[in-house]
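Novice: One structure, as structure tokens, below. Some questions next.
The values are calculated or read from the model by the stated rules, or taken from the named source; none is laboratory data. Not measured: the values here are computed from a predicted model. Cβ coordinates were reconstructed from backbone atoms using ideal geometry, including for glycine residues, and neighbour counts include every protein chain displayed. To get the accessible areas, we keep the full protein, side chains included, count just its heavy atoms, and leave off ligands, DNA and RNA. Shrake-Rupley method; radii C 1.70, N 1.55, O 1.52, S 1.80 Å.
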Amino acid sequence: SDFTTDCAKEYVSALPNDTFTTLSHLEGKEVYVIADGNLLSNETVTSGQITIDRDAETRCEIGLNYTPIFKDLPPENEQLGTLYGQKMNVGEVVIDLYETKHITVSVGTGASREVSFRNFGLSILDTETPSFTGRHRMVGWRGWDDTGQVTISQAYPLPMTVLAIAKRVCPFSTVCK
């Protein structure tokens, strides 16, 4: 449960180091490298080893990426019943997150938004990307669709825990405020 990549290998001893061996199970594969909490450039395993951009100081995880996908249920309304199949607009999404570094959120069939919690004004790029815990509010979604569902995924193998999701939905047949 401590890994964010698949078929992962973790290195915590013999560090700092920039060359990692015993990766023959990933031979020829493009792997993701997370060194000291930061995602580095991808590497291809050759002869059971890789060399990364810089020394890993305290921890290095090497493995394959996978994409987690979370999709909530279609909305229902106590007075109107199910809204599934009716045109609707999701105007606001609030997501409760725990120790999350990156998410991608999309609503219905509309565009998606990537959310990274790195603060470039205050963070040094060689330091670990900070985790976010709390509520993240997203407004200004545009477009109508017939599901009103929110999809949360992640393109990068970084920590992500979704605790809860709330949304404000406006059915096409009503006046939204």
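Novice: May I ask you to list the residues in the stretch 86-109 that are within 12 Å of GLN149 (Cβ to Cβ) and open to solvent by 40 Å² or more (accessible area, probe 1.4 Å)?
Specialist: Selection gives THR109 alone.
Novice: A further question follows. Output the strands (runs of 3 or more DSSP E) that fall wholly within the stretch 99-177 and possess 2 or more residues being at pLDDT below 75 and of a type in the set (Phe, Trp, Tyr), or say none.
Specialist: So the answer is none; nothing clears 2.
Novice: Against the conditions (1) within 18 Å of the chain's Cα centre (by Cα); (2) over 14 Å from ALA8 (Cβ atoms), where does ALA35 fall short? Just the number, please.
Specialist: (2)
Novice: Now a separate question. List the residue pairs whose Cβ atoms are under 6 Å apart, where the first residue sits in the stretch 62-73 and is assigned to a strand (DSSP E or B), the second is open to solvent by 50 Å² or more (accessible area, probe 1.4 Å) and basic (Lys, Arg), and the two are 6 or more positions apart or on different chains.
Specialist: From residues that are assigned to a strand (DSSP E or B), the pairs are ILE62/LYS9.
Novice: Follow-up question, since we're still on this one. Is the stretch 39-50 home to any residue that is surrounded by 14 or more Cβ atoms within 10 Å (Cβ to Cβ), touching a Pro at 6+ places or on another chain (Cβ under 7 Å) and of a type in the set (Val, Ile, Thr)?
Specialist: The answer is no; no qualifying residue exists.
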